[in-house]
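The values are calculated or read from the model by the stated rules, or taken from the named source; none is laboratory data. Every value quoted in this text rests on a predicted model; they were computed, and no experiment measured them. Positions of Cβ are backbone-derived with ideal geometry, glycine not excepted, and every protein chain shown enters the neighbour counts.
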Amino acid sequence: MPMRSKSELFAGAVLMAFGGFVIHQASALPYTSESGPGPGFFPLWIGIGIALCSCFMLYAYSFRTDTNTEPRAKTSTAEITRALVAWLAFVLAIAVLPLFGFAVSLGLLTMLLILGLDRRSPWTAAGVALGLAFGFHLVFPVALSVSLPAGPWGF
C-alpha cells in the first residue's frame, strides 16, 4: 500500500488558502499608478504565484506513490531546537528593529544565527555581522538612496 504524507496535503491546502488571501487583499489596492505598477501589482502576482505553486503541490501529491515502505526517521529534538532558535532569532530581530534600527537588528540576528546554529567563534560572528550591516548600508542608503529604519545612534 503506498504511503503518502498527509502533511504535504495540509501544506498545499494552507498555501492555497494563503495565496487566495493575498490575491483578495491585493485586489483591493490599485494595480497601476501614474508612474507604473501600483501598490497592488506585486502582491497580486506574488499571491498568484503562491496559489499556482500550491496547485502544483496538490496535483503532484495526488499522483505520487511511495514504493518505500520503511518507516520515516523521526525529527530529533536537536533539529527542532535549532529550528526554534532560528525562528526566535528572527522574532527578536523584528522586535528590536524599531528600538535599535536596521543595522543593529541585522547584526544581532546574524550573530545569533552564527553563534547559536553554526557554532562559530564570537569573532567570526561579529565580523560577519559587521560586514553584512555595512554591506546593506552601502547598497540601500548609499547606492540606492533608500532609507532603512535608523536607531537612536543614527544608523
- L44 is checked against (1) of a type outside the set (F, W, Y); (2) out of contact with any Lys or Arg (no Cβ under 8 Å at 6 or more places or on another chain); (3) over 26 Å from G12 (Cβ atoms) and fails just one. What number does that condition carry? (3)
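What about V85, is it part of a helix (DSSP H, G or I), on the phi < 0 side of the Ramachandran plot, modelled with pLDDT under 90 and surrounded by 12 or more Cβ atoms within 10 Å (Cβ to Cβ)?
On the way: part of a helix (DSSP H, G or I): yes; on the phi < 0 side of the Ramachandran plot: yes; modelled with pLDDT under 90: yes; surrounded by 12 or more Cβ atoms within 10 Å (Cβ to Cβ): yes.
Against the criterion (part of a helix (DSSP H, G or I), on the phi < 0 side of the Ramachandran plot, modelled with pLDDT under 90 and surrounded by 12 or more Cβ atoms within 10 Å (Cβ to Cβ)), V85 qualifies.
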- Task: Sort out which residues of segment 33-66 are closer than 23 Å to F18 by Cα, polar (S, T, N, Q) and either free of Cβ contacts under 8 Å to residues at least 24 places away in the same chain or loosely packed, with under 11 Cβ neighbours inside 10 Å (or both), and write them in order of number.
- Result: S62
- Message: Just to be sure I understand the filter: pairs with C-beta atoms under 9 Å, separated by 6 or more residues or on different chains, first member in segment 1-18 and among the hydroxyl-bearing types (S, T, Y), second member at pLDDT below 85. Which pairs pass?
- Response: S5/Y61; S5/D66; S5/R72
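Of these, A26, A60, which one is part of a helix (DSSP H, G or I), modelled with pLDDT of 90 or more and among the small types (G, A, S)? Quick ask: steps written out before the conclusion?
Working: A60 fails: modelled with pLDDT of 90 or more.
Going through A26, A60 in turn, the sole match is A26.
Is it the case that L9 is part of a helix (DSSP H, G or I), touching a Phe, Trp or Tyr at 6+ places or on another chain (Cβ under 7 Å) and modelled with pLDDT under 90? Write out each step before concluding.
Details: part of a helix (DSSP H, G or I): yes; touching a Phe, Trp or Tyr at 6+ places or on another chain (Cβ under 7 Å): yes; modelled with pLDDT under 90: yes.
Spelling it out, L9 is indeed part of a helix (DSSP H, G or I), touching a Phe, Trp or Tyr at 6+ places or on another chain (Cβ under 7 Å) and modelled with pLDDT under 90.
Conditions (1) in a helix (DSSP H, G or I); (2) in the same structural domain as A11 (by TED's automatic domain parsing); (3) of a type in the set (V, I, T), marked per residue:
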residue: A51; (1), (2), (3): yes, yes, no
residue: F90; (1), (2), (3): yes, no, no
residue: A93; (1), (2), (3): yes, no, no
residue: A125; (1), (2), (3): yes, no, no
residue: L132; (1), (2), (3): yes, no, no
residue: L148; (1), (2), (3): no, no, no
residue: W153; (1), (2), (3): no, no, no
- Residue check for L99: modelled with pLDDT of 90 or more, more than 30 Å from P152 (Cβ to Cβ) and out of contact with any His (no Cβ under 6 Å at 6 or more places or on another chain): no
- Qualifying positions in segment 91-118 - surrounded by fewer than 17 Cβ atoms within 10 Å (Cβ to Cβ) and not acidic (D, E): V91, L92, I94, A95, V96, P98, L99, G116, L117
- Message: So the check is Cβ under 9 Å with 6+ separation or different chains; which pairs have a first residue in segment 77-88 that's assigned by TED's automatic domain parsing to the domain that holds L106 and a second one that's surrounded by fewer than 10 Cβ atoms within 10 Å (Cβ to Cβ)?
- Response: A83/T75
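Quick one: is S121 in the same structural domain as V85 (by TED's automatic domain parsing), among the hydroxyl-bearing types (S, T, Y) and exposed (fewer than 14 other Cβ atoms within 10 Å of the Cβ)?
Values: in the same structural domain as V85 (by TED's automatic domain parsing): yes; among the hydroxyl-bearing types (S, T, Y): yes; exposed (fewer than 14 other Cβ atoms within 10 Å of the Cβ): yes.
Considered against the rule, which asks whether it is in the same structural domain as V85 (by TED's automatic domain parsing), among the hydroxyl-bearing types (S, T, Y) and exposed (fewer than 14 other Cβ atoms within 10 Å of the Cβ), S121 comes out as yes.
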